[in-house]
1. Are there any helices (runs of 4 or more DSSP H) wholly within segment 116-225 with 2 or more residues that are among the acidic types (Asp, Glu), and if so which?
2. Of the residues His278, His234, His256, which single one is buried (at least 18 other Cβ atoms within 10 Å of the Cβ) and out of contact with any Lys or Arg (no Cβ under 8 Å at 6 or more places or on another chain)?
3. In segment 17-33, which residues are more than 9 Å from ligand 2 (Cβ to nearest atom), touching a residue at least 40 places away in the same chain (Cβ under 8 Å), within 13 Å of Val119 (Cβ to Cβ) and not in a loop (DSSP other than H, G, I, E, B)?
4. Out of (1) within 16 Å of ligand 2 (Cβ to nearest atom); (2) among the charged types (D, E, K, R); (3) over 17 Å from the mean Cα position of the chain (by Cα), the odd one out for Glu196 is which?
5. Return the residues of segment 5-36 that are out of contact with any Gly (no Cβ under 9 Å at 6 or more places or on another chain) and away from ligand 1 (no atom under 16 Å from the Cβ); say none if nothing qualifies.
6. Looking only at segment 1-16, filter to residues that are over 23 Å from Asp98 (Cα atoms) and surrounded by fewer than 21 Cβ atoms within 10 Å (Cβ to Cβ); which one of those is nearest to ligand 2 (Cβ to nearest atom)?
7. Based on this model, can you work out whether Ser176 counts as small (Gly, Ala, Ser) and touching a Lys or Arg at 6+ places or on another chain (Cβ under 8 Å)?
8. If you take the residues of segment 65-100 that are away from ligand 1 (no atom under 16 Å from the Cβ) and closer than 16 Å to Leu16 by Cα, which of them is surrounded by the most Cβ atoms within 10 Å (Cβ to Cβ)?
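Just so it is clear, none of the values below were taken in a lab; they were calculated from the coordinates. A quick note: this is a predicted structure, and the numbers were derived from the prediction, not measured. Quick reminder, even Gly has a Cβ in these numbers, built from the backbone with ideal geometry, and neighbours come from all protein chains shown.
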Amino acid sequence: RCPIIIDCDPGHDDALALLLAGASEELELLGVTVVAGNQTIDKTLYNALRVLTLAGLRPPVAAGADTSLSGSITPSNLMGETGLDGAVLPEPGFEPEDMTAVELLAKLLRESETPVTVVPLGPLTNIAVLLTGWPALRSKIRQIVLMGGGTFGNITPAAEFNILTDPVAGDVVFRSGIPIVMLGLDVTYKALIFDEEVEQIRNLGNPVSIAVAEMMEFYTRQSVRCGYTTEGAHLYDPCTIAWLLDPTLFSGRKAHVTVETSGVQSHGMTVVDFDGKHSDGRCNAEIIMDIERERFIKLLMERLARY
Ligand code: BDR
Ligand code: CA
């Protein structure tokens, strides 16, 4: 089994990523750390605990700071007031750890016998603080498989939400030397789910799939209303977990990625130099560009049916 830690800001698509991971025996979910992003930290923590409770999962959970290394956060307009509007979820059935997200990340990495895959699904604040404060633990991270960035943006023409919320943190992560798999907008814009597929998920008939359908209904309406899609919704964050489960669903290219921290128009942009052409051939990331959408949705349904 592949040991993973998910760092997230739920968020509808974060919730689905947690549920996909929780249903997959190939992955060992060592812990969940929470970051401010889609909503403030109190709300993303509460949402993470509720989603895990719904799934009957009880990994250690800890919350990070209520701000980013780049300043205060602006919640996403996609997820509503609670950060997870539309879902009927149980109250948290367990308490978070009495430590910060970064302390929990450090503890789990230290205790793991094998290097761990870290899966960031929100702004990279917690991960950057960890890498800066505990440099010796870098060798305990096998790879970072993240949702963020792209060759275009969704919040500005240049920048994607997770990277734009904390470009300083993004810069630290992309300079870290740790192997990075980047599932940015190039691929996640192709990872659409449509209404009839959401209905098929509802018809799986278990409490998790019914809650997922309710979440996705709100999220799809909001995606269309805000102009992110004309039909359907983007399953950004679940792409990371799907890549871990079945990389043959995806294709990508090596690149050297830097994060723009001082631009005006380009603030928070991931500057992607394919094949390291302008970077002496040095590549710090694999950029995932494409997905077999229908097989991806099939995988998602198969796993949700297990609940
Ligand atoms: C990313 O931003 C968040 O709103 C989503 O959860 C996803 O992680 C997409 O830009
Ligand atoms: Ca997210």
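1. 195-203, 207-225
2. It is His234.
3. Leu20, Ala21, Leu27, Leu30, Gly31, Thr33
4. (1)
5. Residues satisfying the conditions are Ala23, Ser24, Glu25, Glu26, Leu27, Glu28, Leu30, Gly31.
6. Cys2
7. Yes.
8. Taking the candidates together, the pick is Leu89.
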